[in-house]
Amino acid sequence: MLRGASTILLLFVIVAAPANAQPTELMPGVTFDKTLEFTPHGAVVLDVITAPRPGDDAGLYALAPVLAGGAVGGGTAPLTELERSVSAQATVAGIDGDFAAPDGEPAGVVMQDGALLHSPAAGRSSIGIDAAGLMHVDRVRLFGTWQGTGQRRPLDGVNEPPLPGQTVLFTPAFGPAAPVAPGSADVVLGTLPAVVPGGVVTGAVAAAGSGGGEAIPPGGAVVVATGAAAAKLAAEAPLGTSVSIRLALQPDWTGVTEALGGGPVLVRAGKPVFRTTEDFTDDQVTSRSPRAAVGQLADGRVILVAVDGSQPGYSVGLTSFELAQTLVQLGAVRACGLASGSPVSSAFDGTLLDRPTVPGGAPLEEALLVEYFGVYAPPPPLALVTGEPGRTAELLQYKIVRPSKVTAQLVGPDGAVHVLEAGVQHDPGTYGFTYSTFDREGGWQWQVSATDDLGRTSTDTQSFRYDTTLRALVVPRAARSSLTVRFTLSRPATVKLQIETRGGVPIATLAPTLLAAGPQTLVWDGTLATHTRAFAGAYVAHLSFTSSVGTSDISAPFTFRVTQ
């Protein structure tokens, strides 16, 4: 045993058939669908992640913002890196988060586990998820106060650089130190509980300074005041006294535990929103560009949508209102936009799902991730085991993110159960087996169940096939004008050859043919269903074969060249 580290109708859009008819399961309960739409303005590619209602299934699912470097001032990283940074704590899928402020930090609210980590942007919509898994989209304002030896004074922000005359609270979520603020008065609170809206927390003044840059103690905070507010802070929060912090949000978001900024609001009560009067320029909402959004369906499920754009010939993107209409057609009853333009991307557990405008994905300050805390079994590397070199054994793996008791087994085509481990206690990590003792041809299932230290039970199942019918497949790496595929059958089988793009879109199909056992060939003449010649490019030869043991598939890439 190995263990390692851990039919859409838009205002000006005509819909075409989707490129993929069936969504792909990313992890238990979470699916991904890539759809290609043809519009008068060009092709549009939609990437849609659908997940259970947050908090469903005994708390195995969450929807939460994740910050680069784990802090508001933690820098930037591509979405894939942000996902990998939390992969040991959850299996995740997501999209980009809030817009960036001029200082490079999130522009709007950030809440994690009920704690307020960054102030909301009052002129734009904020997105909140409450403990019951309901998504809220509101323009939220912060009303805060601090009080030392005098009366209550305004507290203007949390973890954002103070403007002249403001007082701002900096917690460890900002980073190791408060920002430099010439002429400021600074108060260090040695200890301060997490700041939750609607409550009051108190901390003792452990040190005082000026000019900003004070180290933020772990479990503590720094209060920074500028302009006329500086004298009040220095006079009313001397060393050895206590400071009380009170924060409130308007509207009252009681019960909201996770939140991030974004905007504009796209769907309200199941209707697309055309004019929002939010703090965005006309170009930001009317240009066709890459866009991201989060929505909630009537049954509580959430959808994360990334629209590729600014790539003529592949995807031109959507306007904000076109995206709103798209979300309504996807079933959203409420939805909000997220950062648009180059930050737009979607990924699963550190692997990109879309084609962002920046290769590899633009650096982000924040992502919005679906988090799954149960057992995850990745698809086996071999969809088909044939017994040939390189296809004799299957690597079977699973990942757990909490201490768990695990049962792992294989179920053969005859229903026989092959137990690999039963009720074994494991620490978080990735575990694997190499299995080669197949005793039946046909479909096999890799099944894993786990019960973690919180008593939550989860399962995951993956399928593959063991089938020796088609062997010795030869697909030339490069084909000119036509493609000849050679193989050997160990028993009679009906074989179908389909030519597909590298993205899985069929372009030509040879009718299924019943072939006898022995060496065989199939030839594609290089033409499409319209009897026109295929373009030169990279393609995939996909063979499906049906014999007495069932239907199996095998594919191989090739490059097609056109003879002049």
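Potential lengthening of the chain between Thr241 and Ala43 amounts to 64.9 nm, from the contour at 0.36 nm per residue minus the alpha-carbon distance.
One compactness figure for segment 206-354 is 1.48, namely its Cα radius of gyration divided by 2.2 N^0.38 Å. Using the average count of surrounding beta-carbon atoms within 10 Å as a protection proxy, the listed peptides 474-481, 218-225, 55-62 rank, highest first, as 218-225, 55-62, 474-481.
Of the whole protein surface, Asp130 contributes about 30 Å² of accessible area at a 1.4 Å probe radius.
Extending 7 Å from Cα along the Cβ direction at Asp427 and again at Ala194 yields two label points whose distance is 2.5 nm.
For the chain, the carbon plus sulfur part of the accessible surface works out to 55%, probe radius 1.4 Å. For segment 473-564, the gyration tensor built on C-alpha atoms gives a prolate shape. Its axis ratio a/c (a ≥ b ≥ c) is at least 1.5, and a/b is the larger of a/b and b/c. Peptides 190-202, 159-171 ranked from most to least packed by the mean count of surrounding Cβ atoms within 10 Å: 159-171, 190-202.
Neighbours of Glu83 by Cβ distance under 12 Å: Lys/Arg scored +1, Asp/Glu scored -1, total -3. Per residue, the average separation of C-alpha pairs within less than 8 Å and at least 6 apart gives segment 36-134 a relative contact order of 23 percent.
Excluding ligands, DNA and RNA, the accessible surface per residue across the chain is 42 Å² with a 1.4 Å probe. Over all orientations, the chain has a Cα convex hull whose mean projected area works out to 29.3 square nanometres. First check a/c for segment 137-203, with a ≥ b ≥ c the square roots of the eigenvalues of its C-alpha gyration tensor; if it is under 1.5, answer rounded, and if not, answer prolate when a/b is larger than b/c or oblate otherwise. Rounded, because the longest to shortest axis ratio a/c is under 1.5.
With Cβ to Cβ distances under 10 Å as the rule, what net charge do the other residues near Ser552 carry (K, R +1; D, E -1)? Display every interim value, and only then the final one.
Values: positive: Arg465; negative: Glu441, Asp467, Asp553.
Around Ser552, the charge tally is -2.
Return the FRET efficiency for the residue pair Thr286, Thr546: r is the Cβ-Cβ distance, R0 is 45 Å, and the value is rounded to the nearest 0.05. Calculated transfer efficiency: 0.30. Highest-first packing order for the peptide set 273-281, 242-250, 529-537 is 242-250, 273-281, 529-537, based on the mean count of other beta carbon atoms within 10 Å.
Is the C-alpha gyration tensor of segment 336-403 telling us rounded, prolate or oblate? Criteria: a/c under 1.5 is rounded; beyond that, a/b larger than b/c is prolate, otherwise oblate.
Since a/c reaches 1.5 but b/c is at least a/b, the shape of segment 336-403 is classed as oblate.
Normalised by the number of residues in segment 183-290, the average gap of Cα pairs under 8 Å and 6 or more apart makes the relative contact order 28 percent.
The values are calculated or read from the model by the stated rules, or taken from the named source; none is laboratory data. Please read all numbers here as calculations on a predicted model, not as lab measurements. Glycine also receives a Cβ, built like all others from the backbone with ideal geometry; neighbour counts cover every protein chain displayed. Accessible surface is based on the protein model in full, side chains and every heavy atom, while ligands, DNA and RNA are left aside. Shrake-Rupley method; radii C 1.70, N 1.55, O 1.52, S 1.80 Å.
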